[in-house]
1. Using a Förster distance of 22 angstrom, determine the FRET efficiency expected from the C-beta separation of Trp159 and Lys113, and round it to 0.05.
2. If I ignore ligands, DNA and RNA and count only protein heavy atoms, how much of Thr152 is accessible to a 1.4 Å probe, in Å² to the nearest 10?
3. List, in order, the whole-Hz ³J(HN,Hα) value for each residue of the stretch 19-28 obtained from phi through the Karplus relation with A = 6.51, B = -1.76, C = 1.60 and θ = phi - 60°; use x for Gly and Pro.
4. Rg/Rh for the stretch 97-150 to two decimals, with Rh computed the Kirkwood way over all alpha-carbon pairs.
5. Go through Trp159, Trp169 and list them by solvent-accessible area, largest first, probe radius 1.4 Å.
6. Less than 14 Å Cβ to Cβ from Lys22, Lys/Arg counted +1 and Asp/Glu -1: what total charge do the surrounding residues give?
7. Calculate what fraction, in whole %, of the accessible area of the chain sits on carbon and sulfur atoms when a 1.4 Å probe is rolled over the protein chains.
8. Just the number please: accessible area per residue for the chain, 1.4 Å probe, all protein chains included, in Å².
Amino acid sequence: MISRYSSRHHRLDHAFLNEKLKHAASYDRIAGYFCSSVFELAGESIENMAGKVRVVCNSNLRPEDVETASYANIKMKQEWCEFLPEEKYSDMLSASRLKKLYNLLVTNKLEVKVVPDQIYGLMHGKAGVITYKDGSQTSFIGSINETKRAYTVNYEMLWEDDSEEAVNWV
């Protein structure tokens, strides 16, 4: 079934993102831009997923997201010596969305792959596949990036198609 969404009619974080992720097992996403601000909208749904969230985005990332990911990477590699990042970097991690980003990365529930603009050009596509607990899937394409601003402020359009052909294409 094909469904169309427009931010002219509904806030897309309510009408689409949270509604679709509520019963999701995993979420695969291509987004020109990714920002941890999306966790302010869908963090709980993402944390409750049994599976993984995988995002491919371009290299235009917020500095605090990159720093948080760096700290998470250090922890994952067990390069801690005598200190805990939660204490050393508590000021930066005090923001709820950065805590969510950090926790999702260190638990390997979130993978973010960054495509460098200088090597591959601007990765500008926006699409996703949501897999549900029962194994069914839906796909979507549109103008929307994976940021709070995209889901709540910008004028965005989204086209959802749950056909097997569309899911495989995305």
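1. Working: r = 24 Å, r/R0 = 1.09.
Computed FRET efficiency for Trp159 and Lys113: 0.40.
2. 40
3. Per-residue couplings from phi come out as 4, 6, 7, 3, 10, 7, 9, 7, 8, 10 Hz.
4. Working: Rg = 14.1 Å, Rh = 13.8 Å.
Using only Cα positions, Rg/Rh for the stretch 97-150 is 1.02.
5. On the way: Trp159 105, Trp169 190 Å².
From most accessible down to least: Trp169, Trp159.
6. Working: positive: Lys20, Lys133; negative: Asp13, Glu19, Glu44, Glu47, Asp134.
Overall, the nearby charge balance is -3.
7. Values: 4830 of 9490 Å².
C and S atoms contribute 51 percent here.
8. Values: 9490 Å² over 170 residues.
Per residue, the chain has an accessible area of 56 Å².
The values are calculated or read from the model by the stated rules, or taken from the named source; none is laboratory data. Note that this is a predicted model, so its numbers are computed, not measured. Every residue, glycine as well, gets a Cβ built from its backbone with ideal geometry; the counts of neighbours run over all protein chains shown. SASA here: full protein model, heavy atoms, side chains in, ligands and nucleic acids out. Shrake-Rupley method; radii C 1.70, N 1.55, O 1.52, S 1.80 Å.
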